[in-house]
Amino acid sequence: MAALVFGTVSARAELKSYKVIGDAIPQSLTGAAGDPLKGRAIVANRQVGLCLLCHSGPFPEERFQGTLAPDLAGAGTRWSPGQLRLRMVDSTRINPATIMPPYYRVDDLTRVAPAFAGKPVLNAEQIEDVVAYLSTLKDVKK
Amino acid sequence: MAAARALINVPPKARRGEVIGIKSLISHEMETGFRPNATGQLIPRNIIKEFVCTYNGVEVFRAEFFPAVSANPFVSFTTRATESGTITMTWTGDNGFHASESVAITVE
Amino acid sequence: MISRWRIAAALAVIGATFPAIAEIPMSERKSGYDFMGKQTQAMQDDDTANAGMLWVLDGEALWKRHAGAANKSCADCHGDASASMKGVAARYPAFSPALGRAVNLEQRINSCRAERQQAKPLAYESKDLLALTAFIGRQSRGLPITVADDAGTRKAIESGRATFTRRQGQLNLSCAQCHDDNWSGRLAGAPVTQGQPTGYPIYRLEWQNLGSLQRRLRNCLTGIRTIVPALGAQELVELELYLMWRARGMTLETPGVRP
Amino acid sequence: MTELLTTAVTRRRFLIGAGGAVMVMAAPSARAQFVAEGEARSAAMRAAIKAIVGENSLPQGRIKIELPPLVENGNAVPLSIAVESPMTDADHVKAIHVFTEKNPQPNVAVFQLGPRAGTADIQTRMRLADTQLVVAVAEMSDGSFWRDEVEVVVTLAACLEES
């Protein structure tokens with residue numbers, strides 16, 4: 001039990017702190033702007049971002065995109081960078097029943113596989129890269 | 001457990017001259033030789049290379065398989081029912097693999 | 001009456017967690033078969049094209065083979081499986097009052113081996129255990145899935161339901177979020193399906209092999225990055241039982257073919 | 001690799017493309033390498049076809065491939081081939097050759113038949129490492145060759161397992 005608590009605490013310590021204001025995290029997790037090109041690669045990568053398993057998006061080169069979640073096209077029009085950031089970091093804060101995994105949360109999770117325990121799905125830099133990329137998606141048409 | 005299990009489907013009866021359908025399925029992993037194991041080394045190829053169908057001893061159909069044929073190979077083809085007798089299917093492959101199945105057919 | 005109990009249980013679950021939608025209405029349930037392409041359906045439908053039948057044949061041979069210190073075959077006690085095993089697979093997993101827990105068909109076969117044949121248990125997911133399971137399952141093809149209604153079974157179903165609805169793993173997903181709430185969608189290119197266990201053991205094209213329901217469950221659990229219980233774990237048996245209860249009345253297709 | 005619901009890399013470990021073709025979609029250099037390998041394989045398919053057909057022409061016609069345009073799993077794709085032929089002693093199909101473009105090896109299978117077959121109508125199941133072209137060539141008793149080709153899109157199965 002003690003080891004478990006210790007593991008959680010030490011893992012949490014690695015995450016950057018952030019402040020939620022309304023339905024957004026206005027400040028960058030890293031204090032810097034992300035790289036939209038890197039963000040695009042993360043979103044398209046089915047082992048890193050995992051996004052296209054559930055979402056479709058403006059990726060003409062990627063076959064077989066998911067239909068379980070909203071199309072990413074136009075995400076930058078629908079949401080501010082701060083809103084996108086909170087939706088990435090922990091979407092359950094907006095909708096507790098959401099199917100969207102928390103990408104930057106390691107506590108209050110159940111039975112995480114040892115290989116992933118204490119690690120967020122994406123790190124702070126990756127979150128910022130994805131936020132930067134999604135913010136460029138102004139056009140709702142693919 | 002038997003080395004291989006095969007399922008073959010030949011109509012037991014046919015009219016002389018009728019074209020009959022034959023189906024066959026055999027248990028075999030068809031290891032391609034292109035697949036790495038957990039340590040990254042290629043698993044050696046182990047496939048069925050040849051499938052032959054004879055009708056009363058005369059070859060009526062033959063197939064040569066490469067690793068792109070799926071595991072548990074399935075083949076369906078046709079032949080003309082000429083006379084009563086025996087239809088035999090034989091599979092041979094890597095590592096001395098050999099299997100054979102025969103069925104009788106009555107032609108009226 | 002089971003239906004009243006079911007509604008009460010469903011309400012309890014809704015109260016306890018946040019599923020967006022409750023269980024799939026009985027009339028909307030679909031087998032994995034219904035989500036497959038015509039060609040894959042045709043593979044299942046034709047016994048000479050269904051590779052699962054190779055295991056059924058192996059199982060038939062094993063059924064008749066003498067084994068263990070008792071030197072007995074399954075057939076020595078059970079006779080003709082087409083009569084004695086008819087309907088059996090359609091009602092497993094089942095609660096065993098003697099053991100005080102739910103037991104799946106694989107475990108039931110192994111306890112028969114231990115007690116009647118005095119033979120070693122067959123390893124989970126071994127060729128022989130899959131073959132016997134497929135052979136026994138084949139005797140119930142076309143029959144409706146049935147689940148007993150007794151206190152032990154109900155408790156085990158509840159336990160399986162808790163696993164099904166529990167968010168878990170790094171991706172924080174429950175089975176129910178995909179297979180109750182989103183079965184009409186596609187995960188990348190593939191239909192999500194309702195997760196109805198209608199054809200196990202299945203010949204999965206992905207595996208190029210026959211495999212058990214527990215093997216399939218472990219695939220999904222790996223996907224959501226959760227701790228994956230060992231094959232044969234009681235938690236998986238109870239999840240199997242819950243899934244069978246969820247599919248009660250649906251037709252058993254064993255051996256099924258799935259992509 | 002404990003990843004995930006569905007991944008190109010993991011999938012390839014189950015498929016015949018696994019050997020040299022393990023690659024990462026995201027890395028541009030790996031992608032370029034894969035494209036280069038793909039071109040090399042297309043050339044390998046052309047060479048394999050030429051080894052059968054020689055300098056003969058290879059028009060499209062008389063042979064018909066049936067493959068589902070979108071398949072659920074590349075490990076077992078149902079393949080049907082039919083050739084228009086009277087299948088007489090004088091005029092019949094001698095052989096049907098099947099090739100793929102992007103598998104590690106271009107040859108899939110060769111079926112040898114003759115007048116006793118009654119029809120030239122065969123079915124089997126094949127592996128497709130990726131979305132690609134499948135080509136079938138009919139070798140006729142008069143020495144002519146005919147071809148058909150079809151592009152098959154391979155979907156990724158969801159929820160794979162660790163090997």
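The values are calculated or read from the model by the stated rules, or taken from the named source; none is laboratory data. Note that this is a predicted model, so its numbers are computed, not measured. Note that we place each Cβ from the backbone using ideal geometry, even for glycine, and neighbour counts take in every protein chain shown. Note: areas computed on protein heavy atoms with side chains; ligands, DNA, RNA excluded. Shrake-Rupley method; radii C 1.70, N 1.55, O 1.52, S 1.80 Å.
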Study note, to complete from the structure: With Cα coordinates, the longest principal axis of chain A makes an angle with the long axis of helix A:2-14, in degrees rounded to 10, of 40 degrees
Point to revise | 5 angstrom amide H check on B:Lys49, placed H, neighbours 5+ away | key: B:Thr92, B:Gly93, B:Asp94
**Study point:** Descending principal axes extents, the protein assembly as shown, alpha-carbon based, whole Å
**Key:** 85, 67, 45
Exercise for review: For chain A, just say rounded, prolate or oblate: build the C-alpha gyration tensor, square-root its eigenvalues into a ≥ b ≥ c, call rounded for a/c under 1.5, and beyond that prolate if a/b exceeds b/c, oblate if not.
Suggested key: prolate
Revision key, fill the gap. Among A:Thr92, A:Pro60, A:Val43, the residue whose Cα sits farthest towards the positive end of the charge dipole of the stretch A:2-135, when +1 is placed on the Cβ of each Lys and Arg and -1 on the Cβ of each Asp and Glu, is A:Thr92
Exercise for review: Go through C:Gly59, C:Ile136, C:Gly87 and say which Cα lies farthest out towards the positive end of the charge dipole of the stretch C:52-138; charges sit on Cβ, +1 for Lys and Arg, -1 for Asp and Glu.
Suggested key: C:Gly87
Exercise for review: For the stretch B:6-107, state the semi-axes of the equivalent ellipsoid (square roots of 5 times the eigenvalues of the alpha-carbon gyration tensor), sorted largest first and rounded to whole angstrom.
Suggested key: 33, 11, 10
Practice item. Calculate for chain A the 222 nm mean residue ellipticity that helices alone would give, adding -39,500 (n - 2.57) per DSSP H run of length 4 or more and normalising by residue count, nearest 500 deg cm²/dmol. Key: -10000 deg cm²/dmol
Exercise for review: May I ask for the accessible area buried between chains C and A, both sides summed, probe 1.4 Å, to the nearest 100 Å²?
Suggested key: 2200 Å²
**Study point:** Residues whose placed amide H lies under 5 Å from that of C:Gln168, excluding near-sequence neighbours
**Key:** C:Leu173, C:Ser174
Check your understanding: Under unit Cβ charges (Lys, Arg +1; Asp, Glu -1), what dipole magnitude, rounded to 20 debye, does the stretch A:27-105 have relative to its Cα centre?
Key -> 160 debye
Practice item. Provide the per-residue ³J(HN,Hα) series for the stretch B:90-98, in order, calculated from phi with Karplus coefficients 6.51, -1.76, 1.60 and θ = phi - 60°, each as a whole number of Hz, with x at glycine and proline positions. Key: 10, 10, 10, x, 4, 6, x, 4, 8
Review point. Using the alpha-carbon atoms, what tilt in degrees (0 to 90, nearest 10) does helix C:127-138 show relative to the longest principal axis of chain C?
Key: 80 degrees
Exercise for review: Can you work out the accessible area per residue across the stretch B:6-107, with the rest of the protein chains kept in place, probe 1.4 Å, in square angstrom?
Suggested key: 41 Å²
Point to revise | Dipole moment magnitude, nearest 20 debye, the stretch B:6-107 about Cα centre, only Lys, Arg, Asp, Glu C-beta charged | key: 280 debye
Practice item. Sort out for me the Cα centre separation of the stretch D:49-100 from the stretch B:6-77, rounded to whole Å. Key: 17 Å
Practice item. Rounded to the nearest 10 degrees, what's the angle between the helix C:213-223 long axis and the longest principal axis of chain C, both from Cα atoms, 0 to 90? Key: 40 degrees
Check your understanding: At q = 0.09, 0.15, 0.17 Å⁻¹, what is the log10 ratio I(q)/I(0) for chain C, with the Debye formula run over Cα points and no solvent?
Key -> -0.39, -1.11, -1.42
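Quick one: net charge of C:Leu143's neighbours, Cβ under 15 Å, K/R +1, D/E -1? Working shown, then result.
On the way: positive: C:Lys86, C:Arg91, C:Arg138, C:Arg141, C:Arg248; negative: C:Glu253.
Summing Lys/Arg as +1 and Asp/Glu as -1 gives +4.
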Check your understanding: By DSSP, what percent of the beta bridges with both residues in chain C are antiparallel, rounded to the nearest 5?
Key -> 80 percent
Exercise for review: Kindly work out what percent of the DSSP beta bridges joining two residues of the protein assembly as shown are antiparallel, to the nearest 5.
Suggested key: 90 percent
**Study point:** Compactness of the stretch C:123-259, expressed as Rg and Dmax over alpha-carbon positions, Å
**Key:** 14.6, 42
Check your understanding: How large is ³J(HN,Hα), in whole Hz, for each residue of the stretch B:38-47 in order, when computed from phi with the Karplus curve 6.51 cos²θ - 1.76 cosθ + 1.60 and θ = phi - 60°, using x for Gly and Pro?
Key -> 4, 8, x, 8, 6, 6, x, 4, 8, 10
Exercise for review: State to the nearest 20 debye the size of the charge dipole of the protein assembly as shown about its Cα centre, where the only charges are +1 on K and R beta carbons and -1 on D and E beta carbons.
Suggested key: 1580 debye
Exercise for review: Pop out the ³J(HN,Hα) list for the stretch C:100-111 in order, Karplus 6.51 cos²θ - 1.76 cosθ + 1.60 with θ = phi - 60°, rounded to Hz; leave Gly and Pro as x.
Suggested key: x, 8, 6, 10, 8, 5, 4, 5, 5, 4, 5, 6
Practice item. Express the accessible area of chain C per residue in Å², computed with a 1.4 Å probe while the remaining protein chains stay in the model. Key: 39 Å²
